[in-house]
């Protein structure tokens with residue numbers, strides 16, 4: 001027996017104005033079997049969470065790059 005799917009979540013690439021997203025919503029409503037299409041407005045909490053996550057990723061990326069550069073330069077100073 002196969003699983004049954006009740007909900008599908010779609011996430012947009014970036015925050016989009018409600019009038020710009022209307023054609024996407026209209027297209028989804030035309031898909032056979034779709035009962036409800038509901039847009040969700042971006043809240044301040046969601047925005048802050050995204051900014052915080054982005055800052056964390058950037059910090060970790062900078063640390064990795066710094067470590068890679070340091071390791072690369074340490075290896076060049078050693079003679080064989």
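Can you give the Kirkwood hydrodynamic radius of the chain from its Cα pairs, in Å with one decimal?
Values: mean 1/r = 0.0569 Å⁻¹.
That comes to 17.6 Å for the chain.
How would you rank 14, 50, going from fewest to most other Cβ atoms within 10 Å of each one's own Cβ? Provide the component values of the computation, followed by the final result.
Working: 14 4, 50 12.
Starting with the residue having the fewest Cβ neighbours, the order is 14, 50.
With everything on Cα atoms, drop me the angle between helix 44-77 and the longest principal axis of the chain, reported from 0 to 90° to the nearest 10.
30
Quick one: angle between helix 18-30 and the longest Cα principal axis of the chain, in degrees between 0 and 90, rounded to 10, please.
Tilt relative to the chain: about 60 degrees.
Throughout, read-outs are computed from the coordinates displayed, never taken from laboratory work. Every value quoted in this text rests on a predicted model; they were computed, and no experiment measured them. Ideal geometry is used to build each Cβ from the backbone, glycine not excepted, and the neighbour counts take in all protein chains shown.
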